Every structure is written in C-alpha cells, then in structure tokens.
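First the structure, in the form of structure tokens, and then the observations on it.
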Amino acid sequence: MSDELKQRKQTAVYVYEAPLRLWHWVTVFSIVTLCVTGYFIGSPLPSQPGEAIDNYLMGYIRFAHFTAGYILAIGFIGRIYWAFVGNSHARELFLPPFFSRKWWKEIGHELRWYLFLEKTPRKYIGHNPLAQLAMFFFFVLGNTFMILTGFALYGEGLGAGSWADQWFGWIIPMMGQSQDVHTWHHLGMWYLITFVMIHVYVAIREDIMSRQSLISTMVGGWRMFKDDRPD
Ligand code: HEM
Ligand code: HEM
C-alpha cells in the first residue's frame, strides 16, 4: 500500500476526476461502435438487392465509423490535455515508471496474483503496475496507431489535397500502399479487442476479489478500501 494512504489513514480516496471518467465511458462507446462498424467495412454483408444508393447501408456504416472515429480522436486529445491539468492519477496512463525497480517487482506480484498464485492482493490508489503497463502498450500505443492509420485512410476517401490527406497522407506510402494500411488498421482492431477482453475481465475480477473498489471508481471517482489493514 502506498505511504500516502498509510499517512492519511483513509479508507476512501478521490482518484479519477469527472473529465477523466466521462472520457473513459465516451471512449468505450466509440471503440465499440468502431469495432462493429469496422468489422463490417472489412467483411461487408452480402449485397442488398437494388441500387446501393437506394439503401445506402454501407454508407451509414461508414458514416457511423467516421463519426465515432472523430469522437475517439478528439476525446484522446482532450485526455492528453487532462494529463497536464488533472491530478497525478491523470498522468499514470501516459507515464509508466519504466526505470523503477520497485515498480517492476510489483508487476511480478500482480502477475502472480492474477494467476491465483498469491493469496493477498495489494492496495493501490491509482492503477496497479500491471494495469498501467498493459494500458500503456495496448491502449495508448494501440489507440494512437488506430487514429493515425484511420485518418490516413479517411484522407484517401476525402481526396488528394484534403486536410486529412495533407496531415496524415504520408502514412500510406510509409506503410507500403493503401491495402497495407487497411490490413494493419484491421489487425489493430484485434489488438485493442484483446486489451478490452482482458481489461473488462480483470476489472470485474478485481472488483470482486481485491480489497478495493474498481468499477464504481470509474463511475463515481472514489476508490473505496474494503478493510483498514495497512497493506
Ligand atoms: C472499449 C472498452 C474499454 C476501453 C478501451 C477501456 C480503456 C480504459 C483505460 C485507457 C483506462 C485508464 C484510464 C485512465 O487512466 O485514464 C481504463 C480504466 C478503467 N476501466 Fe476501462 N475501458 C473499456 C471498458 C471498460 C469496461 C466495460 C469497464 C467495466 C466493466 C471498465 C472499467 C475500468 C476501470 C474500473 C478502470 C480503472 C481501473 C483502475 O482503477 O486501475 N472499462 N479503461
Ligand atoms: C478503435 C479504433 C478503430 C477501429 C477498431 C477501427 C476498425 C476498422 C476496421 C476493422 C476497418 C476495415 C479495414 C479493412 O479490413 O479494410 C476500418 C476501416 C476504416 N477506418 Fe477504422 N477503426 C478505428 C479507428 C478509426 C479512426 C479514428 C478513423 C478516422 C476517421 C477510421 C477511419 C477508417 C477508414 C477511413 C476506413 C476505410 C473505410 C473504407 O475503406 O470504406 N478508423 N476501421
């Protein structure tokens, strides 16, 4: 348990501020939309009868994808801004302490705990070290990659010389050609889905098995500790 908690002798600490929580759930909503619509862009439904323009099904699917893409990207810029102006827990996502020996040791403990090899879960005010590591590599890097490749493809659709083409068009030749970007963007979806499956599983598992609140913390902001043993 952190020294901060020991000193305060508190059983509840305000951790995630409102903008961060709102961003989390807006991001959840947009990523789910992006995965469903992206899947259908990659594997379209069998053709509908009649002229495509008359039912416009793929048009609506792509429109939903691009709208959710904008929401994801603007939200992520807002989240980066919040890392500067929010509390210290708002920075954890972006700055894992890679050079701290203690942090790596605690990752080992968390791994054993997740594998049912440790009996006592540790207490953390912010993210536990393993969560922080996973969130950085899967989410921060994965999400950045999806936004960059997504807007590169979007620039192709908007046309040469459009703002998205000017800002992100260079990514396409860098990665080969358009189909390569499509394939990597598609693979990136499965990378993020892997994260989400593990993330939701451990959030529910920790809520039940660890000695602190998890899901309600991402709703109301407060981390509640379920006992007052010091560690
Ligand atoms: C698309 C789905 C999801 C994504 C991409 C996602 C992403 C994230 C990210 C990036 C964070 C770190 C927040 C930060 O430091 O700013 C986080 C935290 C958290 N998420 Fe999610 N999340 C998803 C779905 C969910 C769901 C469905 C739940 C609830 C069951 C959930 C529960 C939590 C909790 C409890 C935390 C805080 C964990 C802690 O305090 O260490 N997430 N999530
Ligand atoms: C979590 C984030 C995202 C996921 C999971 C996702 C998923 C996908 C998938 C699976 C495809 C189909 C690729 C293929 O097989 O050809 C796709 C296409 C595409 N995505 Fe995304 N995407 C994401 C973010 C974005 C963003 C931020 C944008 C920017 C607006 C974007 C724009 C596009 C475009 C333009 C296409 C190609 C549409 C077409 O060829 O008709 N995506 N996306």
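The values are calculated or read from the model by the stated rules, or taken from the named source; none is laboratory data. Because the structure is a prediction, the values reported are computed rather than measured. Every residue, glycine among them, receives a Cβ derived from its backbone with ideal geometry; neighbour counts consider all protein chains shown. Just so you know, the surface numbers come from the protein's heavy atoms only, side chains and all, with ligands and any DNA or RNA stripped out. Shrake-Rupley method; radii C 1.70, N 1.55, O 1.52, S 1.80 Å.
Observations
- Filtered by the rule that a residue be in a helix (DSSP H, G or I), polar (S, T, N, Q) and under 15 Å from Glu92 (Cα atoms), segment 107-150 gives a lone residue, Gln132.
- Filter result for Tyr14 (open to solvent by 80 Å² or more (accessible area, probe 1.4 Å) and touching a residue at least 40 places away in the same chain (Cβ under 8 Å)): yes
- Each residue in segment 172-187 was checked for being under 25 Å from Phe136 (Cβ atoms), touching a helix residue (DSSP H, G or I) at 6+ places or on another chain (Cβ under 8 Å) and surrounded by fewer than 19 Cβ atoms within 10 Å (Cβ to Cβ), and 3 pass.
- Ser47, sole failed condition from (1) more than 10 Å from ligand 2 (Cβ to nearest atom); (2) open to solvent by less than 40 Å² (accessible area, probe 1.4 Å); (3) among the polar types (S, T, N, Q): (2)
- Only a single item in (1) more than 25 Å from Gly69 (Cα to Cα); (2) open to solvent by 30 Å² or more (accessible area, probe 1.4 Å) is not met by Leu158, and it is number (1).
- Here is the figure for segment 27-38: residues that are touching a His at 6+ places or on another chain (Cβ under 9 Å) and near ligand 2 (Cβ under 6 Å from one of its atoms) total 2.
- Of all residues in segment 182-205, those that are near ligand 2 (Cβ under 9 Å from one of its atoms) have Cβ atoms under 7 Å from Cβ atoms of residues that are open to solvent by 60 Å² or more (accessible area, probe 1.4 Å) and in a helix (DSSP H, G or I), 6 or more apart or on another chain, in Gly188/Phe145.
- Tally of residues being in a helix (DSSP H, G or I) and more than 16 Å from ligand 1 (Cβ to nearest atom) across segment 159-208: 21
- Only one of Ile198, Ile204 that is closer than 19 Å to Val36 by Cα, at pLDDT 95 or above and open to solvent by 60 Å² or more (accessible area, probe 1.4 Å): Ile198
- Residues in segment 117-156 that are out of contact with any helix residue (DSSP H, G or I) (no Cβ under 8 Å at 6 or more places or on another chain), over 19 Å from Phe98 (Cβ atoms) and at pLDDT 95 or above: Leu117 alone.
- Residue satisfying all of: in segment 54-103; charged (D, E, K, R) and more than 23 Å from Trp222 (Cβ to Cβ); surrounded by the most Cβ atoms within 10 Å (Cβ to Cβ) among these: Arg62
- Pair list, Cβ < 7 Å and 6+ apart or interchain, from segment 139-168 residues that are closer than 20 Å to Gly59 by Cα to residues that are of a type in the set (A, V, I, L, M) and open to solvent by 50 Å² or more (accessible area, probe 1.4 Å): Ala164/Leu158
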